[in-house]
Each structure stands twice: as structure tokens, then as C-alpha cells.
């Protein structure tokens, strides 16, 4: 069993424990029963549908010859060439209608992978830089980072939802089996911290590994270096309305203008990534 598979199982186990404890704290025995049903549903949804939810949250559109033909004509040959070199199945391609340049990969395994990119990244990058960015995302698919990344996004959103529920439903009215209001308040405070810890549990080294894969399969680190430099500059000039729970999925941290986003950063600095790429011979 791979390290990322073990991490995914641990995250799902953490979600189960957190919701059970939270349900008991918020609404006693009834809350516990509700949490049992909720965890079963959320574990199922997290594994099978977290990628679809992430794509839907950014209004991603399929990139096919019929839909978005201009993007398809430019991107599909690059991705097909890279997947043949990497020994990967062809992923589904998605276009995010956002001018801020960025991209991410998602899915539960290479056979069910998707690569999404914004309109901004298509407009900004040269063909060589775009190919390097796509190779980076396929590197995540190759290294099987995409499942844990997608599940973590789902769990972070779920934990935040539980914290809000704790705020509105601080305890049961049943005197015999009442949840503790103090525990509910603690849940409201601690759950966002737990969400942040889930994000930080995702290894920052995955970005370095995907960068190295891009350099290897493109044949040079310099196209990605140029792409990262543009991403760093233009993602700040054109902020993206990104959710903190999914920020870790993108090739570069989205700049939404929210200082809260910094708490969820799982990306090493762009300067450090470029320095490592420059060291590749």
C-alpha cells in the first residue's frame, strides 16, 4: 500500500472520529447517530466524488473537440504526448473560465484523473511553458498525489461545515441526553484548526516532485521556470476567487486577496521551487 493511500485512509479515519465526537458534543446521542450517518456518506462522497465537486466549484467546462475546440486543439496533443511518455492513461481535460492563471489535477487514480486549467493560463503561457505546467500536473497523477489532495479538500470543507453547525446547534433540548454547549463552542473553535492541519498534512515535497517530473518529461527545467515566474506575478495581479479548502490543489497558491488564505498554504515558495529546478542537470 502506498504512502499516499495510507494518508488518505488516515484522513478519512480522522474525519470519522472528529464528526462522531463533534456530533456527541453538539447534540448528545442523537448527534452521535446523525454523525454516524454523515460520516458514512462523507467517506463515500470523498472517495468517489471529491474530484467532481472540486471541478464543479470552479465551474469547470469539458475540453473536447465539440466543447472549447480552441483549447482542445492546443492542449490535447500536448497532454497525449506527455501521457505516452509517462505511461499514463489520457485524463479528462477541463477549462476553468477565470482570467487568473492556474491549474490543478484531481481524481482518485490515474484511470480516473482530470487536469483543469484556467483561461488565464492559456492566454499567458507560451506553448513550451504550457506543456511544462501540464507535465507538472501529470506528475501529480503519476505520483498518485491526486486522491489525497482531492479528499483533503473535501474534508476541510466538511470540517468547516461542522464548525458552523456547532455554532447554530449548541446542544440538545433533551435533559437526559444533552450535548455540552461548552464542547460545542470548543468544536466551533477547533474544527477550523483541524481543517488547517489536514491541509498541512499534505506533504509540501509533492510540489518539488511534480516540478522534477515536469523537467524530466519535457526535457528541460527552463520552460517550467518561466511558467512559474509568470504564475507568481500574474496570479497576484489577477486574484482568483478560490476556496481555502482547495487552494492546495493548484500549481501555485491562488491569491484571493484574503489574508486567511495564508493559513492554508501547502506550497513551498516559488523562489525555492525555481532554485531546485535550476539545480537540475
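The values are calculated or read from the model by the stated rules, or taken from the named source; none is laboratory data. All values derive from a computational prediction rather than experimental measurement. So basically every Cβ, Gly included, is an ideal-geometry build from the backbone, and we count neighbours across all protein chains shown.
For the stretch 113-129, state whether one or more residues are touching a strand residue (DSSP E or B) at 6+ places or on another chain (Cβ under 8 Å) and at pLDDT below 75. No, the stretch 113-129 contains no residue that is touching a strand residue (DSSP E or B) at 6+ places or on another chain (Cβ under 8 Å) and at pLDDT below 75.
Name the single residue, out of those in the stretch 89-127 being surrounded by fewer than 17 Cβ atoms within 10 Å (Cβ to Cβ) and in contact with a helix residue (DSSP H, G or I) (Cβ under 6 Å, 6 or more places away or on another chain), that is farthest from residue 226 (Cα to Cα). Ranking the candidates gives 89 first. Considering the stretch 165-279, the qualifying helices (runs of 4 or more DSSP H), each wholly inside and each with 1 or more residues that are under 19 Å from residue 115 (Cα atoms) and at pLDDT 60 or above, run over 205-218, 222-237. The requirement of being outside any helix (DSSP H, G or I) and either surrounded by 22 or more Cβ atoms within 10 Å (Cβ to Cβ) or modelled with pLDDT under 95 (or both) is fulfilled nowhere in the stretch 30-47; no residue meets it.
In the set (1) under 16 Å from residue 114 (Cα atoms); (2) outside any loop (DSSP other than H, G, I, E, B), residue 64 fails one condition alone, (2).
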